[in-house]
Amino acid sequence: MTPGTPEPVSDPRPEAIRAFGRYLLRERELRGLSPEDVSRVTRLAPSVIDAIEAGDPERMPPRGYLVGYLRSYAGAVGLDPDDVVLRYQEVAGAEDPEPPPGPARAGARSIGPPSPGRRRWGVIVALVAALLAAAVAIGFRRGGDDRGEIRGRKSSERAPYRAPGAP
């Protein structure tokens with residue numbers, strides 16, 4: 001290397017992730033649980049549990065799945081799921097951080113005053129609902145006492161026979 005050239009820095013994250021996996025393995029063993037016990041409770045494949053405990057980034061599931069898997073694993077082992085996820089995020093780095101809960105997520109509408117177009121539609125919908133309610137109320141008032149009565153013959157009565165062509 002020439003003087004003044006910076007040395008290539010190796011990424012410390014894979015080793016930190018392996019240490020995180022060893023932490024999970026140690027916590028499971030301290031509680032006397034086997035990988036099969038955890039697999040049965042979490043319904044995770046034994047290979048996924050092995051990859052998580054090994055801390056091998058190459059075998060670990062994608063980060064979107066991994067967060068949920070870590071929560072399930074922590075719950076089965078008796079650890080705080082939020083603490084486990086935070087520990088993982090600290091060692092893995094914030095390459096693609098999870099969006100915070102609430103309106104800041106992608107696709108969510110921002111909270112604020114409604115636009116004039118939305119306000120106009122809201123007024124129209126409210127007016128139509130009020131008109132429908134008024135029409136229903138007027139219909140009930142005009143119905144009188146025979147509201148539920150069906151007019152005509154009883155089902156047990158038969159109509160008299162009339163021959164075809166008879167008046």
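The values are calculated or read from the model by the stated rules, or taken from the named source; none is laboratory data. Note that the structure is a prediction, hence the values are computed from the model and not measured. With ideal geometry, Cβ positions are generated from the backbone for all residues, glycine too; neighbour counts draw on all protein chains shown.
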Looking at 107, 148, can you tell me which residue is modelled with pLDDT under 90, closer than 30 Å to residue 44 by Cβ and assigned to a loop (DSSP other than H, G, I, E, B)?
107
Every residue in the stretch 57-83 that is within 23 Å of residue 14 (Cα to Cα) and in contact with a Lys or Arg (Cβ under 7 Å, 6 or more places away or on another chain), please.
81
Write out, first by first residue and then by second, each pair whose Cβ atoms fall under 7 Å of each other, whose residues are 6+ apart or on separate chains, and whose first residue, in the stretch 116-134, is modelled with pLDDT under 90 while the second is part of a helix (DSSP H, G or I).
none
Of residues in the stretch 36-59 being more than 16 Å from residue 21 (Cβ to Cβ) and over 25 Å from the mean Cα position of the chain (by Cα), the one surrounded by the most Cβ atoms within 10 Å (Cβ to Cβ)
37
Filter the stretch 70-84 for residues that are surrounded by fewer than 18 Cβ atoms within 10 Å (Cβ to Cβ), part of a helix (DSSP H, G or I), of a type outside the set (Gly, Ala, Ser) and touching a helix residue (DSSP H, G or I) at 6+ places or on another chain (Cβ under 7 Å) and give the result.
71, 81
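Of the residues 53, 29, which single one is out of contact with any Pro (no Cβ under 9 Å at 6 or more places or on another chain), part of a helix (DSSP H, G or I) and modelled with pLDDT of 90 or more? Before the answer, list the steps.
Details: 53 fails: out of contact with any Pro (no Cβ under 9 Å at 6 or more places or on another chain).
Testing whether each residue is out of contact with any Pro (no Cβ under 9 Å at 6 or more places or on another chain), part of a helix (DSSP H, G or I) and modelled with pLDDT of 90 or more leaves just 29.
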